[in-house]
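Novice: Please see the structure below; I have some questions.
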Amino acid sequence: MRSMKVLIIDDDVDSLAIARLRLKKDGYIIHSAGDGLEGLERAREVDPDVILLDVQMPGKSGFQVCEDLKSDPDLCNIPVVFLSAADDISEKVKGLDLGAVDYVTKPFDIFELRARVRAALRTKRLQELLLKYGEVDSLTEIYNRRVLMERLQQEWDRSLRSNTIFSFIMTDIDEFKNVNDTFGHPVGDDVLEKVAYKLKKSIRSGDIVGRYGGEEFGIIMVNSTVQEAFVAADRYRQEIKKIVFKAKKASFSVTASFGVADSSEKDSLDNLVSAADSAMYEAKESGRNKVCMSD
Ligand SMILES: [Mg+2]
């Protein structure tokens, strides 16, 4: 693996020297800059894997540098760890709001600093992997539609080979447009995130959940008949209903409608998907917040 590059932007010569010395021992390539402007230049030049950024600097402050980094498409994905002399909560909050991943108080404990740098690099590697393979939906962090369809195809092929049955569950959040209209899109996004998370936590290991479209999700249940999928889907339905969302002064919950179908007696994968889809529409039309089974 290549050596990771750390850029330290700090006007304090001593703290810079300490950090440089210790981090170098961990095998990082260290770059440094003594003020904000130089720091931004160095960042563009060396494309570091992580930036340690002092808050209090003459000229451009660390906060301003962070804002500049985050608004530059080439630099915005580099994790920033703030270094600050002040152990001040509001300052920490400000830094994190600006998109920093972490905070270390000066004079820093060198073990803490090394641990924070490692954590920031781990997060970045993970992000890169997910983006590289383009498998994950960026909002809900579950599989995107493309991957879901690929996995469906694999499961379909396998069920033909091994002569087994699997199920597909489609679910759609009821009256989701109302959530967006009433509370705004950020709250709507929160609903999508939490419902996806709930589904991910609720499915059996080996099953797969993905975002099928807007407020629609698909679940592949391996080795399961439509009756088994029905029972599972009803459990997911109840779990979703229990989530409490907060918006301004209101709190609310949502429901979802489900359609389930299995692979038996289907002559193609398309037929399976449209059977689950029609069952879901039946659930919608007969009052929502329910599970319907394809016959
Ligand atoms: Mg300083």
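Nothing in this text is a laboratory measurement; each read-out follows from the coordinates by a stated rule. On a predicted model such as this, the values are computed, not experimentally measured, just so you know. FYI the Cβ positions are ideal-geometry reconstructions off the backbone, even for glycines, and counts take in every protein chain you see.
Novice: For the pair Lys177 and Glu285, what calculated FRET efficiency results from E = 1/(1 + (r/R0)^6), where r is the Cβ-Cβ distance and R0 = 25 Å, to the nearest 0.05?
Specialist: 0.90
Novice: Restricting to DSSP loop positions (anything but H, G, I, E, B) with no more than 15 other Cβ atoms inside 10 Å of their own Cβ, which GluC sites (Glu not before Pro) remain in the range 193-295?
Specialist: Working: sites: Glu193, Glu215, Glu216, Glu228, Glu239, Glu265, Glu282, Glu285; in loops: Glu215, Glu265.
The qualifying sites are Glu265.
Novice: Using 7 Å Cα-to-Cβ label points, what is the Arg158/Phe111 separation (nm, one decimal)?
Specialist: Result: 4.5 nm between the two label points.
Novice: Working from Cα positions, state the angle (0 to 90°, nearest 10) between the long axis of helix 36-46 and the longest principal axis of the chain.
Specialist: So the inclination is approximately 60 degrees.
Novice: So which of Lys94/Lys241; Lys200/Lys290; Lys94/Lys124; Lys60/Lys106; Lys25/Lys124; Lys94/Lys198 end up more than 25 Å apart, counting from Cα to Cα?
Specialist: Check vs 25 Å cut-off fails for Lys94/Lys241; Lys94/Lys198.
Novice: Taking K and R as +1 and D and E as -1, what net charge do the other residues with C-beta under 15 Å from the C-beta of Arg235 add up to?
Specialist: The answer is +4.
Novice: Once the principal axes of the Cα atoms of the range 5-131 are found, what is the range along each, listed largest first in whole angstroms?
Specialist: If we take the Cα atoms of the range 5-131, the spans are 36, 31, 28 Å.
Novice: What does the charge count around Asn223 come to, taking other residues whose C-beta lies under 12 Å from its C-beta (Lys +1, Arg +1, Asp -1, Glu -1)?
Specialist: Neighbour charge sum, excluding Asn223 itself: -2.
Novice: For the range 1-73, which GluC sites (Glu not before Pro) are both in a DSSP coil and crowded by at most 11 other Cβ atoms within 10 Å?
Specialist: none
Novice: Give me the percent of DSSP beta bridges within the chain that run antiparallel, rounded to the nearest 5.
Specialist: Close to 50 percent.
Novice: Got the relative contact order for the chain handy, in percent, Cα pairs under 8 Å and 6 or more residues apart?
Specialist: About 13 percent, as a whole number.
Novice: Determine, from the Cβ-Cβ distance of Arg118 and Leu37 and an R0 of 30 Å, the FRET efficiency 1/(1 + (r/R0)^6), rounded to the nearest 0.05.
Specialist: Plugging the Cβ-Cβ distance into 1/(1 + (r/R0)^6) gives 0.60.
Novice: Continuing with the same structure: For Ser257, what charge total do you get from the other residues with a beta carbon under 13 Å from its beta carbon, if Lys and Arg give +1 and Asp and Glu give -1?
Specialist: -4
Novice: Continuing with this model, one more query. Under a plain spin-label model, where a point goes 7 Å from the Cα along Cα-to-Cβ, how far apart in nm are Ile243 and Asp14?
Specialist: About 5.1 nm, to one decimal.
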